[in-house]
1. When a/c reaches 1.5 or more, the comparison of a/b and b/c decides; with that in mind, is the stretch 77-149 rounded, prolate or oblate per its Cα gyration tensor?
2. Taking a probe of 1.4 Å, how large is the accessible area per residue of the stretch 52-109, in Å²?
3. Out of the total accessible area of the stretch 77-152 (probe 1.4 Å, heavy atoms of protein only), what percent is carbon and sulfur?
4. Full-extension gain between ASP188 and TYR128, please, as 0.36 nm times their residue separation minus the C-alpha to C-alpha distance.
5. At 0.36 nm per residue, and after removing the present C-alpha to C-alpha distance, how many nm does the segment from ASN158 to THR230 gain when stretched out fully?
6. Going highest first, how would you order 173-183, 210-220 by mean Cβ packing within 10 Å?
7. Could you tell me the calculated FRET efficiency between ASN176 and ASN39, based on Cβ-Cβ distance and R0 = 35 angstrom, to the nearest 0.05?
8. First select every other residue whose beta carbon is under 13 angstrom from the beta carbon of ALA78; then total the charges, Lys and Arg +1, Asp and Glu -1.
Amino acid sequence: MFVAVITVTLLLFCQLHSSWAYVYVDLNGVNSWQVMNANASLHIPASVPGQVHLDLLKAKIIGDPYYRFNDEYQAWIAMDNWTYHRTFDFSQSSKKIWLVCNGLDTVANVTVNGEFFGHTNNQHRKYYFDITEIVKSTGNEITVFFESAATYSIRQANNYPYTVPGGGGYFKANRNFIRKCQSDFGWDWGPAFVPAGIWKDIGVVGFSEAFINYAVPQIFPDTEGGFRVTVNVYLQTAGLYMYLKIPRVLPSSLCSHTFL
């Protein structure tokens with residue numbers, strides 16, 4: 001990657017955003033969430049981004065998962081269901097208010113103020129939920145319920161018309177039936193944790209015109225020793241989803257001696 005390319009991409013990103021008014025409420029935080037298991041016998045502070053093994057370790061409910069055979073002894077964590085919850089305020093006036101989940105691991109139901117907004121089954125996706133009609137200025141309750149990924153994969157495999165190999169460590173799970181990091185189920189000598197949790201940033205965005213979902217730069221050398229950068233910008237407006245393609249040429253003088 002080139003330093004010059006990174007700079008230009010960020011400048012384009014900022015220029016597009018500068019004309020739009022939007023507000024972002026960050027729901028990340030150390031011990032800003034609570035997590036509990038299915039029968040509520042465990043109910044402890046939780047950190048986001050993170051995952052339940054780390055919260056249990058911090059609460060001194062489990063020992064180091066990497067010590068000796070602890071991943072096997074702690075397999076009960078992967079077989080249980082876990083629910084994360086917290087409250088948040090959103091006092092700003094916005095035409096649209098969206099919950100933005102950059103990474104949920106993995107099989108989850110998302111509710112806000114008791115209303116179901118969506119189901120997720122892919123750890124690698126970014127999810128958006130329109131919560132405009134339900135958000136209050138104070139005291140909003142968000143809940144993310146995670147079903148055991150091991151149990152989910154077993155059920156999906158059992159419902160398939162023929163057998164598909166794909167072991168899952170100590171869980172008899174089938175990694176081929178879930179969109180989740182495959183090494184979570186063990187890998188050669190690697191441990192099998194099959195974790196659950198809000199593993200990437202989560203927040204609430206309010207906007208009146210638009211906000212950028214993400215930008216993807218593509219870099220190509222040109223015939224004059226410089227580089228041509230195309231930034232594919234995906235943005236959400238108050239009414240529809242849009243896509244922009246922005247070309248930009250970097251002269252060779254700007255790109256020289258900028259290798260990382």
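1. Taking the square roots of the gyration eigenvalues as a ≥ b ≥ c, the stretch 77-149 is prolate.
2. Ligands and nucleic acids excluded, the result is 49 Å² per residue.
3. Result for the stretch 77-152: 46 percent of the exposed heavy-atom area is carbon or sulfur.
4. 18.0 nm
5. Residue separation times 0.36 nm, minus the Cα-Cα distance, leaves 21.4 nm.
6. Ranked from most to least packed, the peptides come out as 173-183, 210-220.
7. 0.70
8. -3
The values are calculated or read from the model by the stated rules, or taken from the named source; none is laboratory data. Values in this document were obtained by computation on a predicted structure and should not be read as measured data. In this analysis, Cβ positions are derived from the backbone assuming ideal geometry, glycine residues included, and neighbour counts consider all displayed protein chains. Keep in mind that these areas ignore ligands, DNA and RNA; they rest on the heavy atoms of the full protein, side chains included. Shrake-Rupley method; radii C 1.70, N 1.55, O 1.52, S 1.80 Å.
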